[in-house]
Structures are given as C-alpha cells and as structure tokens.
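The values are calculated or read from the model by the stated rules, or taken from the named source; none is laboratory data. It should be emphasised that the depicted structure is a prediction, and the values quoted were computed from it without experimental measurement. Glycine gets a Cβ as well: all are built from the backbone with ideal geometry, and neighbour counts include every protein chain shown.
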Amino acid sequence: MADRDPEQDNLFKEIDEDLRQQKYADLWKKYGNYVIGAAVALVIGVASVKGWEAYDLNRKSEDSKLLSSALKSIANDKPDIASGILEKLAKEGSAGYAVMARFNQAAVLAKKGNRKAASSAYFALSEDSGIDEILRDMALIMSALHGVESGDATLLTERLSRLTGGTNPWRFSAKELTALLAQQSGNKSQAQKLFKELSDDAKAPSGIRARAAEMTAILSE
C-alpha cells in the first residue's frame, strides 16, 4: 500500500479525537437534527485507509504537495484557497489524488455551511462507477448525513436502503441515518423502532449502540 499523506492523517486524527470527546446528546441539542457522530468518525477512518488501498496510486510529488496545501488551508479556516487547489487536483491529479480531492471539495462545501451542495457533491461521488464500491457507499452515507437537516427525507431513505441490509460495512451507519431521517420527517414511532433495534444489536459498533440508546430515551420523553 502506498504511504499515506501525513497531513491527511493528522487532520483525520484531530477530527476523530474531537468527535470522540463529544457527547451525542449534546451535539444533537446544539445542532438540532444535523448530526455529527460516529458515522463521520467511521467515514474519516475508512477514508484514510481504504481510500488509499482502493487505488493503485501513481504518487506524484506535485499531487502530494497540492493535497497537503489544501488540507493546511482547510485546517487554517481558509476554505476558498483550499477550493481552488482541490479544483485543480480533482481535474488534473492522478486517480487516487483526484478522488480524495473530490471528497475534500465536498467537505469544504460543508465547512462553508452549504450542506445542500455538499450532499449533492457526495451523492455525485456515490454514483461514479469509476470509484471503488466501498468509497461510493461511504459517499452515500456522507450525502445523507449532510442532507438530514434540509434534504428530502423520503429520497434519502430510499437511497440508504441499499446499504441497510446484509453484511454491508456501512449498514449500521445507514440505519442510524435512516432513523434520524424518520425523526426529521415526523415519524417518531419509526425512529424509535430503528434506534431501539440498533441499541439492541450486539453486532453494531459500541458508539452507534450508545447513541441509539440515548436517542431512544430522548424520543421517549
């Protein structure tokens, strides 16, 4: 496997650590129905590993420098500068870097508060047959995550349905988002049902189970 970019790894670790230090219920209350939880931490973790495993990277020093520069700009709260760099990398970079640039372009849109555009950008990635399936599924999760607050709940639920069954590695995150979408659309009983199923599922990640149990309690109030 090709060496991963240290700047990318550092950013992933910082975000993951921040997320781990937050309580889901507090985030829920602060951001309303816009959820930042284990789905994000999981996405970031998989992106940092699977994203590089999935592609035979032709690592060009220029691509590495561009990505590093874009990530530094994002970390320094300079999304406009990052956007220009990522646009160039997405169009002209080698395959692996181009894909990572597109994911980061979507992340920049979300950072700038344009969640609708971010959701659309992630969905476009999920529909790209040239991208490895696990990354396409990850993009679909991110698309739904950023669409929870203002997206079409029915449409997003339909899109997520292909991930919720079987042994898909994203099935628990997809089910959690489906429950959130049910709550968002006013279907409290369906949301409670799904959260309860997740909290009782021994195979679900501990973080998702804990949040599901917390949401079951919140919705029961």
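Observations on the model:
Every residue, every condition in (1) within 27 Å of residue 198 (Cα to Cα); (2) of a type in the set (A, V, I, L, M); (3) free of Cβ contacts under 8 Å to residues at least 12 places away in the same chain; (4) assigned by TED's automatic domain parsing to the domain that holds residue 202, yes or no:
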{"position": "82", "(1), (2), (3), (4)": "no, yes, no, no"}
{"position": "92", "(1), (2), (3), (4)": "no, no, yes, no"}
{"position": "95", "(1), (2), (3), (4)": "no, yes, no, no"}
{"position": "113", "(1), (2), (3), (4)": "no, no, yes, no"}
{"position": "133", "(1), (2), (3), (4)": "yes, no, yes, no"}
{"position": "136", "(1), (2), (3), (4)": "yes, no, yes, no"}
{"position": "141", "(1), (2), (3), (4)": "yes, yes, no, no"}
{"position": "168", "(1), (2), (3), (4)": "yes, no, no, yes"}
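- Pick from segment 172-193, criterion of a type in the set (D, E, K, R) and surrounded by fewer than 18 Cβ atoms within 10 Å (Cβ to Cβ), ranking: farthest from residue 207 (Cα to Cα): 188
- The single condition from (1) modelled with pLDDT under 90; (2) farther than 30 Å from residue 73 by Cα; (3) assigned to a helix (DSSP H, G or I) that residue 165 fails is (3).
- Every residue from segment 143-162 that is touching a residue at least 24 places away in the same chain (Cβ under 8 Å) and assigned to a loop (DSSP other than H, G, I, E, B): 148, 149, 150, 151
- Residue selection: residue 202 fails the criterion of being touching a residue at least 40 places away in the same chain (Cβ under 8 Å), farther than 24 Å from residue 115 by Cβ and not basic (Lys, Arg).
- When residues of segment 67-100 are limited to those that are assigned to a helix (DSSP H, G or I) and among the acidic types (Asp, Glu), the one farthest from residue 128 (Cα to Cα): 80
- Residue in segment 160-170 that is surrounded by 15 or more Cβ atoms within 10 Å (Cβ to Cβ), of a type outside the set (Gly, Ala, Ser) and farther than 22 Å from residue 215 by Cα present: yes
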